[in-house]
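Everything below concerns the one structure shown next.
The values are calculated or read from the model by the stated rules, or taken from the named source; none is laboratory data. Just so it is clear, the structure is predicted and the values come from calculations on it, not from any experiment. With ideal geometry, Cβ positions are generated from the backbone for all residues, glycine too; neighbour counts draw on all protein chains shown.
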Amino acid sequence: MDYRDLEALDNAYVSTFSTMQQTSWGYLFYNERQPDYYDANHAYISTFTGQYEEIIAEVITFYQEKNLVPRFYLTLNEGYQDFLEVLKERGFRFESFDSPVQLWKRNVELKGNPLVKIEQVTAETKHEAIQIECQIQELGGAIREKAFEEEFAHPAFTHYVLKYDGVPCSTACIFQNGRDARLESVATLKEYRGKGLIGQLIAYLQKEVKARGIANFWVMPINERVEKVYQKSGFETVAVIKTGHAFYGGKGIKEIKNGD
């Protein structure tokens, strides 16, 4: 697997809801309309080759001039420790993650459920999807609404909602870039979990992906439990990438997901 392809896909994804500015050392992403949306406001360093003081000073100045919190997203490959030490000396906090990468490899036959109805989200029904996703802390809670609106307006995203016995309770999204696509924004209301609804929704999206002629359908699960859920839907873990989040203020991603 070529990690540069995954980086290109991720950059294409983030660029749909933020402005991407390329630098000599990586990328700056920003969206001043969504200051609390971390994915839309961060620096990404591609390789760790030195001049760390200058890079960090550039990033701090860039984001503070826009009244945004300076932060880095990092892939923890060779050489990152030296950079991390300089970040900590400059007052950045740091957290790391094991980030699985999964690829759809096999079909899974599911028995249909007559109580389940899946629809593509429209302008008339997007409030149903927003209401669901804003209740999911892992998606950012209330700040998810603005992000959803920007995604919905972008042609690369297709959002879906699942209704159980007429009640909207699950969502998911396909982000497409060329012949690659990612499964995003998978969510189910707490009271409807354990009914196999996510499996039904993913199977529906897999048929959509196949019909489009997409070559690779990726997903980046947020934790081991979710990783196992996707495995049941035919996704296989093809890599585990060590990633990091360095931030100059505010809460960490783990704190937000834990509701701290």
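Among the residues of the range 32-47, those that are closer than 24 Å to Gly140 by Cα, without any contact (Cβ under 8 Å) to a residue 40 or more places away in the chain and part of a loop (DSSP other than H, G, I, E, B) comprise Glu32, Pro35, Asn41. Return yes or no: is Glu208 exposed (fewer than 13 other Cβ atoms within 10 Å of the Cβ), in contact (Cβ under 8 Å) with a residue 24 or more places away in the chain and farther than 30 Å from Asn67 by Cβ? Spelling it out, it is not the case that Glu208 is exposed (fewer than 13 other Cβ atoms within 10 Å of the Cβ), in contact (Cβ under 8 Å) with a residue 24 or more places away in the chain and farther than 30 Å from Asn67 by Cβ. Residues of the range 47-74 that are crowded, with 19+ Cβ neighbours inside 10 Å, within 19 Å of Lys242 (Cα to Cα) and not aromatic (Phe, Trp, Tyr): Arg71, Leu74. Tell me, please, whether a residue that is crowded, with 17+ Cβ neighbours inside 10 Å and farther than 21 Å from Asp10 by Cα can be found in the range 234-244. So far as the range 234-244 goes, yes, one or more of its residues are crowded, with 17+ Cβ neighbours inside 10 Å and farther than 21 Å from Asp10 by Cα.
A residue that is in a loop (DSSP other than H, G, I, E, B) and basic (Lys, Arg) occurs somewhere in the range 61-72. Taken over the range 17-26, the residue count meeting the criterion of being under 18 Å from the mean Cα position of the chain (by Cα) and surrounded by fewer than 19 Cβ atoms within 10 Å (Cβ to Cβ) is 2. Touching a helix residue (DSSP H, G or I) at 6+ places or on another chain (Cβ under 9 Å), over 30 Å from Arg179 (Cβ atoms), in the same structural domain as Lys251 (by TED's automatic domain parsing) and part of a loop (DSSP other than H, G, I, E, B): is that true of Gly50 in this structure? Taking the combined requirement at face value, the residue satisfies it. For the residues Pro100, Pro155, Pro114, the requirement of being assigned to a loop (DSSP other than H, G, I, E, B) and under 20 Å from the mean Cα position of the chain (by Cα) singles out Pro155.
Here Tyr13 does not qualify as assigned to a strand (DSSP E or B), in contact with a Phe, Trp or Tyr (Cβ under 7 Å, 6 or more places away or on another chain) and either modelled with pLDDT of 95 or more or buried (at least 16 other Cβ atoms within 10 Å of the Cβ) (or both). A single entry from Ala172, Ala153, Ala147 fulfils the requirement of being surrounded by 16 or more Cβ atoms within 10 Å (Cβ to Cβ), of a type in the set (Gly, Ala, Ser) and closer than 27 Å to Lys210 by Cβ: Ala172.
Of the candidates Lys195, Lys257, the single residue that is under 17 Å from the mean Cα position of the chain (by Cα) and either of a type in the set (D, E, K, R) or in the same structural domain as Pro35 (by TED's automatic domain parsing) (or both) is Lys257. In the condition set (1) within 15 Å of the chain's Cα centre (by Cα); (2) at positive phi, Gly91 is compliant with all but (1).
Of all residues in the range 87-124, those being in contact with an Asp or Glu (Cβ under 7 Å, 6 or more places away or on another chain), surrounded by 15 or more Cβ atoms within 10 Å (Cβ to Cβ) and at pLDDT 95 or above number 2.
Tally time: how many residues in the range 179-217 are of a type outside the set (Val, Ile, Thr) and in a strand (DSSP E or B)?
Of the residues in the range 179-217, 9 are of a type outside the set (Val, Ile, Thr) and in a strand (DSSP E or B).
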